[in-house]
Amino acid sequence: MATLRERIEDFLFHEAKLIDEHRYDEWLALWTEDCLYWVPCNSDDADPARQAMIIYDNRARLDERIYRLTSGAAWAQQPRSRTRRLISNVEVRETDGGYAVESNCLIAELRRSRQDIFAARILYTLRPAGDSFRIALKKVLLLNNDEAIDNLTFLV
Amino acid sequence: MTTNGSVDYDALVREDRIHSRVYTDQRIFADEMERVFHRGWAFVGHASEIPEPGDYRLAWVGRYPIIMVRGADGEVRLLSNRCRHRANTVCQLERGNARFFRCDYHGWMYRNDGTLASVSYPEGYDRSFQKADFGLIPLPRIATYRGFVFGSIAPDGMSLVDYLGPASDQIDLFCDLSPLGEIDARGGIHKYSYRGNWKLQIENSMDGYHPNFVHKSFFGMMGRRGIKTPTRHFGGTSIAVTRDFGHGHVMLDYRECNRSGQVLNVVQGGEKYRAAMEARYGAARANDVINSGGTHLLVFPNLVMIGVQLRVIRPIAPDYTEVYLYPTLLKGVEPELNQWRLRGHESFFGPAGFGAPDDLEMFERMQVGFQNDLDPWMILSRGMHRERREADGTRVGHVTDEVTQRGIWREWRRVMTGRDDDTQTAEAPPLLAAD
């Protein structure tokens, strides 16, 4: 019998694989309708009421992000980024109606002969869905969110 | 192209074309830093970033590291970030608040107005050493317009007001979107870099020909939302125009496309905002300002103002550029309006936005293309036959015409050749009355 943390790790590994394999529709299906995909800008605790974020997608905007990536006209992803990511240091806490999850993530991204490394702490709010989970919140705290970034149009 | 070791800029920049060497040559880049960024006015920052005494932020003017700081006396200064003793930088954090800047090397202390407060173990210096002689060196010139702080390394030159000319009206439109007439440039910063020349960014910012192609995916997305911007604003039948005010200050003027007051339809409390605007500016001006939705302006060489955004371009190498985007907030409005500005900015801009990254991709592809100079010329003739001039000298063309590019290059050549006047006016189209 897998522990809760093992089940959640399996879910995070699955999500990572869907992104790295560009399986966008399957990835979208992991999210709730009231979700938030959030990458803060300048600092981890920047206030969205007062400051711009790198990404602050509600469900409609998340759908548009995938629409754009699959439109054939997102030039910043032509050629597209190849990524491979590691998930580790997973911590799980049960909350009312779900789970607060934290993990570390290291992403190697290769595009046009150049390989970049992105590191992040990722905070999730997961909700149970059948024998799996859905993502209500994914907040990606990039190590370099206050630095100049060339291209973050792949999924983090 | 080169005589006596200097570059012949007249040979590289013609009215209808430019030589691609201007984007790749290390020597030209060095000349640009001296002649464009050091002798002229460069944008540094907005005073709203440092509202309190002691607030500071690091900045650059050309290759000069400086500190933009509000002193204890409330005055904004541009100080050299270099200790007078042995040249260490005295300020390390990008922004903060400080009463003193201390050099960590030997402990010299400067007040936030730049004066030298103390040296360590002063008995080591004789009476000829006067602290008053060793403050942080201020930039030779500083000038502000509506909180926009500009600096110059040259002690003499054109005043900022003369330099801005009619472009200052556009800065007014940008700021007057606030019913208090004040913006707040602390809405976060989208920072990105690209492997391309800095001029690709300023030209592209003022290019009304590219959006339907580079931003096809963005407009496709807007089409799904039922918004028909592409044909109204950017197509061959658009009623928008390009303007060249002189001194390289150029704009895409979409005001005729924006008469519907779109901002009021999407923001909660829009009518309350309109009432506040009318109370401040009167109905006619309020209407003009709201419908303009800001501006779409280049203040040559390094400041772009688009809608809600200030864009600051920093050349680092001929093929490497860093850009900071400041989505601004309006003072005196409901929070929902500012959040609408922020969310709108995110949707297009920043390293993960749905628009701007595709522009950067174009720049990097161009930088590769430059290496093939079998035909090194780039054509900027679009719309020359239909360009016209208004009574004040402003050049006007269709929004897809390269009026703006020609304006940028005319100023670039003027500055790089060191001429005071624009000797190419003979090539300019005849003066026609404004429509």
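Of the strands (runs of 3 or more DSSP E) that lie entirely inside the stretch B:292-387, those containing 1 or more residues that are more than 13 Å from every other protein chain (Cβ to nearest Cβ) span B:296-299, B:303-306, B:309-317, B:377-379.
Going through (1) within 15 Å of the chain's Cα centre (by Cα); (2) away from chain B (no Cβ under 14 Å); (3) among the aromatic types (Phe, Trp, Tyr) one by one, A:Tyr99 falls short only on (1).
Give the residue that is nearest to the other protein chains (Cβ to nearest Cβ), with candidates limited to residues of the stretch A:77-91 that are closer than 18 Å to A:Leu110 by Cβ and surrounded by fewer than 15 Cβ atoms within 10 Å (Cβ to Cβ). So, considering only residues that are closer than 18 Å to A:Leu110 by Cβ and surrounded by fewer than 15 Cβ atoms within 10 Å (Cβ to Cβ), the one nearest to the other protein chains (Cβ to nearest Cβ) is A:Gln78.
Taking first residues from the stretch A:116-140 that are within 20 Å of A:Arg85 (Cα to Cα) and surrounded by fewer than 20 Cβ atoms within 10 Å (Cβ to Cβ) and partners that are of a type in the set (Asp, Glu) and modelled with pLDDT of 95 or more, the Cβ contacts under 6 Å between residues at least 6 apart in sequence or on separate chains come to A:Asp116/A:Glu109; A:Leu123/A:Glu102.
To keep it simple, each residue is scored yes or no on (1) surrounded by fewer than 18 Cβ atoms within 10 Å (Cβ to Cβ); (2) out of contact with any Cys (no Cβ under 6 Å at 6 or more places or on another chain); (3) of a type in the set (D, E, K, R); (4) modelled with pLDDT of 95 or more.
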{"position": "B:Ala286", "(1), (2), (3), (4)": "no, yes, no, no"}
{"position": "B:Phe300", "(1), (2), (3), (4)": "no, yes, no, yes"}
{"position": "B:Ile313", "(1), (2), (3), (4)": "no, yes, no, yes"}
{"position": "B:Pro318", "(1), (2), (3), (4)": "no, yes, no, yes"}
{"position": "B:Thr321", "(1), (2), (3), (4)": "no, yes, no, yes"}
{"position": "B:Pro335", "(1), (2), (3), (4)": "yes, yes, no, no"}
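Of all the numbered requirements in (1) modelled with pLDDT under 80; (2) surrounded by fewer than 16 Cβ atoms within 10 Å (Cβ to Cβ), B:Gln424 misses one, and that requirement is (2).
Taking the condition part of a loop (DSSP other than H, G, I, E, B), crowded, with 18+ Cβ neighbours inside 10 Å and out of contact with any helix residue (DSSP H, G or I) (no Cβ under 8 Å at 6 or more places or on another chain), does B:Ser193 pass? Criteria not met by B:Ser193. Go through (1) part of a helix (DSSP H, G or I); (2) within 30 Å of B:Arg414 (Cβ to Cβ); (3) of a type in the set (Val, Ile, Thr) one by one and return the number of the condition B:Val289 breaks. With respect to (1) part of a helix (DSSP H, G or I); (2) within 30 Å of B:Arg414 (Cβ to Cβ); (3) of a type in the set (Val, Ile, Thr), B:Val289 is out only on (2).
B:Asp244 - would you say it is closer than 23 Å to B:Ile18 by Cβ and at pLDDT 90 or above? Taking the combined requirement at face value, the residue satisfies it.
Within the stretch B:233-256, restricting attention to residues that are under 22 Å from A:Ala74 (Cα atoms) and either within 12 Å of another protein chain (Cβ to nearest Cβ) or touching a Ser or Thr at 6+ places or on another chain (Cβ under 9 Å) (or both), the residue that is surrounded by the most Cβ atoms within 10 Å (Cβ to Cβ) is B:Phe234. B:Gly187: in a loop (DSSP other than H, G, I, E, B), within 11 Å of chain A (Cβ to nearest Cβ) and crowded, with 20+ Cβ neighbours inside 10 Å, yes or no? When the stated conditions are applied, B:Gly187 passes them.
Among the residues of the stretch A:49-71, those identified as within 18 Å of the chain's Cα centre (by Cα) and of a type outside the set (A, V, I, L, M) are A:Tyr56, A:Asp57, A:Asn58, A:Arg59, A:Arg61, A:Asp63, A:Glu64, A:Arg65, A:Tyr67, A:Arg68, A:Thr70. Just wondering, is there one or more residues in the stretch B:181-195 that are out of contact with any His (no Cβ under 6 Å at 6 or more places or on another chain), farther than 24 Å from A:Ala46 by Cβ, aromatic (Phe, Trp, Tyr) and touching a residue at least 24 places away in the same chain (Cβ under 8 Å)? Checking the stretch B:181-195: not a single residue is out of contact with any His (no Cβ under 6 Å at 6 or more places or on another chain), farther than 24 Å from A:Ala46 by Cβ, aromatic (Phe, Trp, Tyr) and touching a residue at least 24 places away in the same chain (Cβ under 8 Å). Just one residue in the set B:Tyr209, B:Tyr163 is in a helix (DSSP H, G or I), in contact (Cβ under 8 Å) with a residue 24 or more places away in the chain, farther than 22 Å from B:Ile50 by Cα and more than 14 Å from every other protein chain (Cβ to nearest Cβ); that residue is B:Tyr163. The single condition among (1) within 9 Å of another protein chain (Cβ to nearest Cβ); (2) under 17 Å from the mean Cα position of the chain (by Cα); (3) buried (at least 20 other Cβ atoms within 10 Å of the Cβ) that A:Ala74 does not meet is (2). Reported count of residues in the stretch A:30-59, each being out of contact with any strand residue (DSSP E or B) (no Cβ under 8 Å at 6 or more places or on another chain) and of a type outside the set (S, T, N, Q), is 5. Within the stretch B:30-76, track down each residue that is under 19 Å from B:Gly114 (Cβ atoms), touching a Pro at 6+ places or on another chain (Cβ under 9 Å), touching a residue at least 40 places away in the same chain (Cβ under 8 Å) and not in a strand (DSSP E or B). Matches in the stretch B:30-76: B:Gly71, B:Ala72, B:Asp73.
Within the stretch B:79-99, the set of residues being over 24 Å from the mean Cα position of the chain (by Cα) and not in a loop (DSSP other than H, G, I, E, B) comprises B:Asn97 only. Has the stretch B:135-151 got any residue that is more than 30 Å from the chain's Cα centre (by Cα) and surrounded by 15 or more Cβ atoms within 10 Å (Cβ to Cβ)? No, the stretch B:135-151 contains no residue that is more than 30 Å from the chain's Cα centre (by Cα) and surrounded by 15 or more Cβ atoms within 10 Å (Cβ to Cβ). Which of the residues that make up the stretch A:48-62 are facing another protein chain (nearest Cβ under 9 Å) and charged (D, E, K, R)? Across the stretch A:48-62, the qualifying residues are A:Arg50, A:Asp57, A:Arg61.
The values are calculated or read from the model by the stated rules, or taken from the named source; none is laboratory data. Note that the structure is predicted; figures quoted are calculated from it, not measured. In this analysis, Cβ positions are derived from the backbone assuming ideal geometry, glycine residues included, and neighbour counts consider all displayed protein chains.
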